[in-house]
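Accompanying notes for the structure given below.
The values are calculated or read from the model by the stated rules, or taken from the named source; none is laboratory data. This is a predicted model, so every value here is computed, not measured. Every residue, glycine as well, gets a Cβ built from its backbone with ideal geometry; the counts of neighbours run over all protein chains shown.
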Amino acid sequence: MKKKTTTYFGNKIIPAYEKKQRVQDIFTSVADKYDLMNDLMSFGTHRLWKRFVAEKTNLKPGDSAIDVCGGTADIAMLMAKRVGEKGKIVVYDINRGMLEFGRDKCIDKGFLKNIQYTQGDAEEIAFEDNTFHCATVGFGIRNVTYLEKAFKDLFFQSHAGDWRACNRQPGRIHLSSGVHQKISNPGGVKKDYGRGRPF
């Protein structure tokens with residue numbers, strides 16, 4: 001994969017190496033207001049799309065899933081209801097402030113056992129391949145510099161190559177998905193966090 005020298009940040013073109021830090025700075029500053037901002041900017045429709053994504057996962061009790069760019073854990077909580085107490089959901093995000101806010105929100109809503117939180121980069125997901133039954137990514141994918149690398153990592157996280165992406169572009173929201181057979185059983189969530197940091 002050829003390294004980019006520039007990338008988009010909003011509608012500005014910036015050096016690619018600056019994007020991660022800019023994304024960190026913005027999300028650290030808005031973490032506690034992020035849900036309200038999404039409600040206002042989307043007139044609440046983001047909640048419908050997240051519900052739609054969770055339904056399309058086809059998760060069953062006892063399954064495991066990872067929500068990459070999981071932020072304040074909206075999709076994770078919806079999936080956690082589907083997998084039950086014997087299942088496991090990982091909220092995976094690069095920004096600690098977003099994860100902390102999401103963790104606090106989950107605790108407030110009674111999700112105490114089946115959601116865990118890991119800080120890490122979507123371009124280098126810190127779990128072994130075939131760890132989860134399903135992988136999802138929401139609107140946060142727009143903040144990733146190297147999309148091809150992130151989607152490749154996302155694909156290999158689930159044992160069946162089953163992933164769901166809900167991505168907003170100006171004026172449109174797209175749901176993408178892929179299911180590809182791979183031969184391996186996830187055997188539950190692995191504890192090897194590699195490049196991510198659980199907390």
When residues of the stretch 129-139 are limited to those that are modelled with pLDDT under 85 and within 22 Å of residue 24 (Cβ to Cβ), the one surrounded by the most Cβ atoms within 10 Å (Cβ to Cβ): 138
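Would you mind stating whether residue 182 is at pLDDT 50 or above, over 18 Å from residue 24 (Cα atoms) and not in a strand (DSSP E or B)?
Answer is no for this residue.
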In the stretch 1-52, the residues that are farther than 28 Å from residue 82 by Cα and small (Gly, Ala, Ser): 10, 16, 29
Residue check for residue 88: modelled with pLDDT of 90 or more, under 23 Å from residue 143 (Cα atoms) and of a type in the set (Lys, Arg): no
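For (1) out of contact with any strand residue (DSSP E or B) (no Cβ under 9 Å at 6 or more places or on another chain); (2) of a type outside the set (A, V, I, L, M, F, W, C); (3) buried (at least 21 other Cβ atoms within 10 Å of the Cβ), each residue gets a yes or a no:
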site: 46; (1), (2), (3): no, yes, no
site: 56; (1), (2), (3): no, yes, no
site: 60; (1), (2), (3): yes, yes, no
site: 88; (1), (2), (3): no, yes, yes
site: 91; (1), (2), (3): no, no, yes
site: 111; (1), (2), (3): no, no, no
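Can you tell me which residues in the stretch 125-152 are free of Cβ contacts under 8 Å to residues at least 60 places away in the same chain, over 28 Å from residue 41 (Cα atoms) and out of contact with any helix residue (DSSP H, G or I) (no Cβ under 6 Å at 6 or more places or on another chain)?
130, 152
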Strands (runs of 3 or more DSSP E) wholly inside the stretch 45-124 that include at least 3 residues being among the polar types (S, T, N, Q) and in contact (Cβ under 8 Å) with a residue 40 or more places away in the chain: 115-119
Boolean, residue 71 is modelled with pLDDT under 90, surrounded by fewer than 11 Cβ atoms within 10 Å (Cβ to Cβ) and under 19 Å from residue 141 (Cβ atoms): no
Leading residue by the ranking (surrounded by the fewest Cβ atoms within 10 Å (Cβ to Cβ)) among those in the stretch 1-23 that are outside any helix (DSSP H, G or I), polar (S, T, N, Q) and without any contact (Cβ under 8 Å) to a residue 24 or more places away in the chain: 11
Filter pass, residue 34 being part of a strand (DSSP E or B) and under 22 Å from residue 135 (Cβ atoms): no
